[in-house]
Amino acid sequence: MIPASEARTILDRLFDRLPANATADARLYSSGWGTMRFAVGRIHQPHAEKLRGASLRVVLDKKVATATSGDLTPAGLRALAEDALALARAAPEDPKFPQFPGGSRSSTIDFSAATASLPIDRQARIAENILAGASSPDFPVRVAGVLSTGYEQWHVGNTSGRFTSTRRSIVGANVLVERLDLDPPGSGWSERAVWDHRALDGEALGREAADRVPRVRPGTAKPGKYRVLLDGPASAKLVGELAYLGFGGRGWEEGWSCLRGRMGKRAVAPILSIRDDATSPLSLPQGIDFEGTAKRRTPLLDGGVVRGPVTDLRSASRLGRPLTGHAPSPEAPGGEYGAIPTQLILTSTDQGSWEELVKEVRTGLLVTRFHYVRTVHAGRSIITGMTRDGTYRIERGEVTEPVVNLRFTQSVLGALSTALLVGKARRCYTGEDDRGNSSVSAGPLALGDFRFTSATVF
């Protein structure tokens, strides 16, 4: 990691290289990751990396541009400043870009130094435990997945005097168990993300994926409307889609958000609330965003009612709303979305056990997770995708036979408007983002209406 004293020196050197008529903010990154992939029942492709770098955003004559570098030597910093200034001179004017704020407050968060520096043999032990839990004495299986452990740290400063820092520790794991003696093959999935490796039970995670594997050949299922029970991975994916479709400041500013114009109005079932809270131990905690604004608990939907979007410096200024601490790194892929929530937490006034959720659905489908989800119409929150790795029929309040996968085309807000019950047990999910840049803390979710548009043969 980069000590704060060294970071201040680097930032001062950067800003000293700018002309008097330029303002700027900058980020210094430091990260360390260990990644273990496993396939065909064994660990392969172990990988370790450590990275350091800088990002400089310059405002020059109402023009804004960003440059990055992995070279933090004096020569590298000089080249970074020159690149940012050259890009700014060539950029179009952005007369509404706000001034950089001062102040240096950050939020207190949970962090595990042991997780951030977990030795390679400890990582291998977790992966081996996952593999052990995923094995089955009853039928042949093929196990694949990934385990990532590590840390990220960044310091943020600007020419208005801001200097603040954060760090976070992350463990993310997912596991796929395939049964090859069925035709078509059946599969089961499990995943989890934590900020402290001691909270991850690798053997239980592998066993959970194995338990979701069909024991018999999947039956048929016709397209149509169903009551559904979304297990944790599917529930988190559905809720997480609103980060892009509804809760982002740029979507409100440009008018394509599915929640634009609905402030103070009910958008989903009154039993549901969603907040973004990167300071909560339920998420993957971090103290500041990439503009150095302190993270804080931000209500997004409260009792089904819209409370507003998250913001960064640009969207807060243009919407006339307070900063919420959700700026992405200016040069990051996906930065075109602007401010989006990255640590969503789903809560409910109506919670139940797994058995109560199944009985609430009574007749319908159990979906373990969604795959290849894509946006159809952002303003109407319509998405499409497939079920995968454990889809089952629910009859008379009991989970019965596995069924083939189905494609869905569904409004997220429409589905959440029919919420019946949320599971008491919840965990943090990152989907396919095993480095935890975004997460959703959620439990299983029973819905009264979900539209499936076609079925497969597998």
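The values are calculated or read from the model by the stated rules, or taken from the named source; none is laboratory data. In this text the structure is predicted, and so the values were computed from the model without any measurement. All Cβ positions, even for glycine, are placed from backbone atoms using ideal geometry, and neighbour counts span all protein chains on display.
Points to keep in mind about this one:
- Flag if Arg427 is charged (D, E, K, R) and in contact with a helix residue (DSSP H, G or I) (Cβ under 7 Å, 6 or more places away or on another chain): yes
- Answer from Gly352, Gly304, Gly320, Gly292 - the residue that is modelled with pLDDT under 95 and assigned by TED's automatic domain parsing to the domain that holds Ala243: Gly320
- Listed conditions (1) touching a His at 6+ places or on another chain (Cβ under 8 Å); (2) not in a strand (DSSP E or B) are all met by Met386, apart from (2).
- Index of the failed condition, Arg426 passing every other in (1) within 30 Å of Glu253 (Cβ to Cβ); (2) at pLDDT below 95: (1)
- Some residue of the range 385-400 being touching a residue at least 60 places away in the same chain (Cβ under 8 Å), of a type in the set (A, V, I, L, M) and within 26 Å of Cys258 (Cα to Cα): yes
- Assessment of the range 177-187 against the conditions (within 19 Å of Gly414 (Cα to Cα), touching a helix residue (DSSP H, G or I) at 6+ places or on another chain (Cβ under 6 Å) and part of a strand (DSSP E or B)) yields no matching residue.
- Residue that is free of Cβ contacts under 8 Å to residues at least 40 places away in the same chain and farther than 28 Å from Phe458 by Cβ, where the choices are Ala199, Ala193: Ala199
- The set of residues from the range 24-42 being touching a helix residue (DSSP H, G or I) at 6+ places or on another chain (Cβ under 9 Å), surrounded by fewer than 20 Cβ atoms within 10 Å (Cβ to Cβ) and more than 19 Å from Arg435 (Cα to Cα) comprises Gly41, Arg42.
- Number of residues in the range 270-284 that are buried (at least 24 other Cβ atoms within 10 Å of the Cβ) and within 19 Å of Gly150 (Cα to Cα): the value is 3.
- Only one of Val457, Val399 that is surrounded by fewer than 23 Cβ atoms within 10 Å (Cβ to Cβ), at pLDDT below 95 and among the β-branched types (Val, Ile, Thr): Val457
- Hits in the range 384-408 - residues which are within 22 Å of the chain's Cα centre (by Cα) and of a type in the set (Val, Ile, Thr): Thr384, Thr387
- Test: residue in the range 120-134 that is modelled with pLDDT of 90 or more and part of a loop (DSSP other than H, G, I, E, B): no
- Each residue in the range 298-318 was checked for being more than 20 Å from Glu241 (Cβ to Cβ) and surrounded by fewer than 16 Cβ atoms within 10 Å (Cβ to Cβ), and 1 pass.
- The set of residues from the range 225-256 being acidic (Asp, Glu) and either at pLDDT 95 or above or buried (at least 22 other Cβ atoms within 10 Å of the Cβ) (or both) comprises Asp231, Glu241.
- Residue count for the range 349-383 satisfying the condition of being buried (at least 21 other Cβ atoms within 10 Å of the Cβ) and in a strand (DSSP E or B): 8.
- Single residue of Ser190, Ser169 found to be crowded, with 22+ Cβ neighbours inside 10 Å and either farther than 30 Å from Leu366 by Cβ or among the aliphatic types (A, V, I, L, M) (or both): Ser169
- Unique match (being within 14 Å of Phe38 (Cβ to Cβ), in contact with a strand residue (DSSP E or B) (Cβ under 7 Å, 6 or more places away or on another chain), at pLDDT 95 or above and not assigned by TED's automatic domain parsing to the domain that holds Pro328) among Gly188, Gly206, Gly157: Gly206
- Positions within the range 400-409 being in a strand (DSSP E or B) and within 21 Å of Arg362 (Cα to Cα), in sequence order: Thr400, Glu401, Pro402, Val403, Leu406, Phe408
- Residue check, Ala327 surrounded by 20 or more Cβ atoms within 10 Å (Cβ to Cβ) and among the aliphatic types (A, V, I, L, M): yes
- Within the range 210-242, the residues that satisfy the criterion of being hydrophobic (A, V, I, L, M, F, W, C) and either more than 22 Å from the chain's Cα centre (by Cα) or not assigned by TED's automatic domain parsing to the domain that holds Arg369 (or both) are Ala210, Val213, Val216, Ala221, Val228.
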